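**Q** For reference, the structure I am asking about is given below.
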Amino acid sequence: MRRPMSTDELLVERDGPVQRVVFNRPDRHNAMTWAMYEGLYEACERADADPEIKVLVLRGAGDRAFVAGTDIGQFAEFRSGADGVAYEERIERIVDRLERVRVPTVAVVRGHCVGGGLAIAAACDLRIATHGSKFGVPIARTLGNCLSMNTYSLLVHHLGPARVLDLLLRARMYSGDEAHAAGFVAEVCDDDRLDETAEEVVSRLLGHAPLSMWAAKEAVRRLRRAALPDGDDIVAAVFGSDDFHGAVQAFLGKERPTWTGR
């Protein structure tokens, strides 16, 4: 029996041994607010605190997006590079908590999985997607900002440096098929089979040894984190730039940004 645990922009429910999280802003392509980020952190805490939970599943409401990044309106208050560093530290806190969840985590993707959404999906253990899903971080043509070192590390860990640079420098979007071919997506399917495919994956996980799966997750996480350098200087330089501040205002005004390199 399903028991609701929260409402509004982030839905969290217990479905037997599965905890399900739904990013619930379909009219905004499920763009993340701070309340949603904090709700995701709390959902991870709940998953680890309940010994009956065996799998954590994340998905977006509606047909258009898993998560289309952070709500851009929240960047309008940034005034300096320090604001960018603080922002990326908050994102890393959430992404790191998701990566540390003890049970297997599955991102079920339909539509756009972009920016912060791509980081959330990358922090999960498995990704299931439709052929027409879109994966990318097109910030080189939109906001002119950058990612944290942790997010760069996550993407390189999954895709390799050449693919990550291709995605970022050309602001490319991978289809579900391309993401599957790159090894980022575990299962790709038609739109009408997404729920069925996701449940097949979840069912298989539920039949496996919890400690074996936790050991695999934790070992891979430690291997990635062991080589993680500091990158606050990069974040501060980009988020403190005229380009970034101008691009945020242009985005909110539905205009095209002008890049100066400053």
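**Q** For segment 155-262, list the helices (runs of 4 or more DSSP H) that sit wholly inside it and hold at least 1 residues that are of a type in the set (Ser, Thr, Tyr) and either modelled with pLDDT under 95 or exposed (fewer than 14 other Cβ atoms within 10 Å of the Cβ) (or both); which are they?
**A** Filter on segment 155-262 gives 194-206, 210-226.
**Q** May I ask you to list the residues in segment 41-90 that are of a type in the set (S, T, N, Q) and within 15 Å of the chain's Cα centre (by Cα)?
**A** THR70
**Q** Of the conditions (1) part of a loop (DSSP other than H, G, I, E, B); (2) buried (at least 22 other Cβ atoms within 10 Å of the Cβ); (3) not hydroxyl-bearing (Ser, Thr, Tyr), ARG102 clears all except one; give me its number.
**A** Unmet for ARG102, out of (1) part of a loop (DSSP other than H, G, I, E, B); (2) buried (at least 22 other Cβ atoms within 10 Å of the Cβ); (3) not hydroxyl-bearing (Ser, Thr, Tyr): (2).
**Q** Applying the selection to segment 75-100, what residues are farther than 23 Å from ASP233 by Cβ and modelled with pLDDT under 90?
**A** ALA76
**Q** Also: I'm checking my understanding of the structure. Among residues of segment 2-40 that are among the polar types (S, T, N, Q) and farther than 18 Å from GLY69 by Cα, which one is modelled with the lowest pLDDT?
**A** Restricting to residues being among the polar types (S, T, N, Q) and farther than 18 Å from GLY69 by Cα, the top hit is SER6.
**Q** Output the number of residues of segment 20-44 satisfying the condition of being under 24 Å from PRO210 (Cα atoms), in contact (Cβ under 8 Å) with a residue 40 or more places away in the chain and surrounded by 19 or more Cβ atoms within 10 Å (Cβ to Cβ).
**A** Qualifying residue count for the region: 2.
**Q** Sort through ILE120, ILE128 and tell me the only one that's surrounded by 18 or more Cβ atoms within 10 Å (Cβ to Cβ), in a helix (DSSP H, G or I) and aliphatic (A, V, I, L, M).
**A** Exactly one residue qualifies, and that residue is ILE120.
The values are calculated or read from the model by the stated rules, or taken from the named source; none is laboratory data. Predicted, not measured: the structure shown is a model, and the values here were computed from it. A quick note on method: Cβ atoms are made from the backbone with ideal geometry, for glycine too, and the neighbour counts reach across all protein chains shown.
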